[in-house]
Structure formats: C-alpha cells, structure tokens
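Participant: First the structure, which I've put down as structure tokens, then a few questions once you've had a look.
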Amino acid sequence: MKNYTPFLSFLFIFLPVVLSAQNNAAYDDSFDIFLMLIATQLICGMIVAAIAGAFLAMFFLTVICISIAAGILSVSILTGWYKKSLRVGAKTFVSIIASVTGALMGIGGVQLWEMLSATNHLISSLVLWAAIGGLIGGYFTGRIVLKAIGIAYNFMHKKFTAAS
C-alpha cells in the first residue's frame, strides 16, 4: 500500500489556494491573508528549528567540554590509541560516561529521597552507597548501550552492502 500522506498534506494545505484561484470574478483579499499565514508559519518553523539546532549543538559541545575537563575523552583517546582501535576507544568513552552518569544519578536520587522523606540518615553513607550503585548500574547500562549500537551497526552494514 502506498503512502499518500505527503500528497494529502499538500492537498489540504493548498486546497484553498486552488479554489480561490478558480474564482476569476473578483479579486479576493482573503487570499493575501492566507498567503501571509502560510509565510508566517514557515518562518516560525524555521526559527524554531534554528533554536532547537542551536540548543542541540550547545548540549553536545557541553558534553564534550565536560568530558575533556574530567579527562574522560583523553583517557578514551589514549586507550584507543594504545590498543590501535577506534572501537576500543569508543567503548571506553561510553562505559566511562555511563558509569559517571549512573553515579551522579544515584547521588541525585538519594538527595531527592532525603528531601522528600522525613528521615534522618547519615547522608555520607547513603551518598557513598548511591554512588557505588550508580557506578555499577551505569556500567551495565553502558554495556547494554554498546551491545545495542553493535547490533544496529551490523544491521545497517548488512542493509547497505546488500543495497550496493
């Protein structure tokens, strides 16, 4: 079955234009308003896309800067260089990022739990256990992400080699 979504979208957007163009009896001022609305929507869409792209670029640059400051990127590059494999460097980077993120999320979870509950536990031991649990959980999450990336890479590689 064919996908008629682009055609129907085009038809519903420009149907008023086609209908007003067939009326040659008099000049219709509402046509100008319709064109202005379409132009305004397109310009707003371009502005939103530019802002979203800028935020996405800033997010990735921030992650890279934090990785450089923490030494994660340097360790990953040196590991890949030592093993002479880009894949090993990428695995190291993902594993370290996932572990550090897991530890930070565990600490944040404990802090949130302490704020919401009315218990008086020794916060240093809770933070330590949260960091250890987050490191372990982040490590396994990193392994799962790496496995998923490997499966997706093999799938796409097979599709591209079969297409060519």
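Participant: Just give me the residues in segment 105-164 being among the β-branched types (V, I, T) and under 20 Å from L86 (Cα atoms), in sequence order. Steps first, answer last, please.
Facilitator: Filtering segment 105-164 down to residues among the β-branched types (V, I, T) leaves 107, 110, 119, 123, 127, 132, 136, 141, 144-145, 149, 151, 161.
Those that are among the β-branched types (V, I, T) and under 20 Å from L86 (Cα atoms): I144, V145, I149, I151.
Participant: Six or more apart or on different chains, Cβ atoms under 7 Å: show the pairs whose first residue is in segment 130-145 and under 14 Å from I97 (Cβ atoms) and whose second is of a type in the set (S, T, Y).
Facilitator: L135/S99; G138/S99; G138/T101; Y139/S95; Y139/S99; G142/S95; G142/S99
Participant: Scan segment 114-122 and give yes if some residue there is assigned to a helix (DSSP H, G or I), surrounded by 14 or more Cβ atoms within 10 Å (Cβ to Cβ) and in contact with a helix residue (DSSP H, G or I) (Cβ under 6 Å, 6 or more places away or on another chain), otherwise no.
Facilitator: First pass over segment 114-122, keeping only residues assigned to a helix (DSSP H, G or I): 114-116.
Add one more test, that the residue is surrounded by 14 or more Cβ atoms within 10 Å (Cβ to Cβ), and what stays is 114.
Next, from what is left, pick out any that are in contact with a helix residue (DSSP H, G or I) (Cβ under 6 Å, 6 or more places away or on another chain): none.
Among the residues of segment 114-122, not one is assigned to a helix (DSSP H, G or I), surrounded by 14 or more Cβ atoms within 10 Å (Cβ to Cβ) and in contact with a helix residue (DSSP H, G or I) (Cβ under 6 Å, 6 or more places away or on another chain), which makes the answer no.
Participant: Moving on to the next point. When you go through I68, I77, I64, I43 one by one, which is the residue that is farther than 27 Å from A148 by Cα, in a helix (DSSP H, G or I) and free of Cβ contacts under 8 Å to residues at least 40 places away in the same chain?
Facilitator: Details: I68 fails: farther than 27 Å from A148 by Cα; I77 fails: farther than 27 Å from A148 by Cα; I64 fails: farther than 27 Å from A148 by Cα.
Exactly one residue qualifies, and that residue is I43.
Participant: Can I ask one more? Sort through Y82, Y139 and tell me the only one that's at pLDDT below 85, more than 20 Å from the chain's Cα centre (by Cα) and in a helix (DSSP H, G or I).
Facilitator: On the way: Y82 fails: at pLDDT below 85.
Of the residues listed, the single one that is at pLDDT below 85, more than 20 Å from the chain's Cα centre (by Cα) and in a helix (DSSP H, G or I) is Y139.
Participant: A further question follows. Condition check: part of a helix (DSSP H, G or I), surrounded by fewer than 18 Cβ atoms within 10 Å (Cβ to Cβ) and touching a Leu at 6+ places or on another chain (Cβ under 7 Å). Does V110 satisfy that? First the steps, then the outcome.
Facilitator: Working: part of a helix (DSSP H, G or I): yes; surrounded by fewer than 18 Cβ atoms within 10 Å (Cβ to Cβ): no; touching a Leu at 6+ places or on another chain (Cβ under 7 Å): yes.
No, not satisfied.
Participant: Further question on the same structure: Kindly list the number of the only condition in (1) modelled with pLDDT of 85 or more; (2) in contact with a helix residue (DSSP H, G or I) (Cβ under 8 Å, 6 or more places away or on another chain); (3) surrounded by fewer than 14 Cβ atoms within 10 Å (Cβ to Cβ) that fails for I47.
Facilitator: Unmet for I47, out of (1) modelled with pLDDT of 85 or more; (2) in contact with a helix residue (DSSP H, G or I) (Cβ under 8 Å, 6 or more places away or on another chain); (3) surrounded by fewer than 14 Cβ atoms within 10 Å (Cβ to Cβ): (2).
Participant: What do you reckon, is A26 modelled with pLDDT under 85, loosely packed, with under 11 Cβ neighbours inside 10 Å and of a type in the set (A, V, I, L, M, F, W, C)? Before the answer, list the steps.
Facilitator: Values: modelled with pLDDT under 85: yes; loosely packed, with under 11 Cβ neighbours inside 10 Å: yes; of a type in the set (A, V, I, L, M, F, W, C): yes.
Yes; evaluated as a whole, the condition is true for this residue.
The values are calculated or read from the model by the stated rules, or taken from the named source; none is laboratory data. Computed from a predicted model, the values in this text were never measured in an experiment. Please note: Cβ atoms are built from the backbone with ideal geometry, for glycine as well, and neighbour counts cover all protein chains shown.
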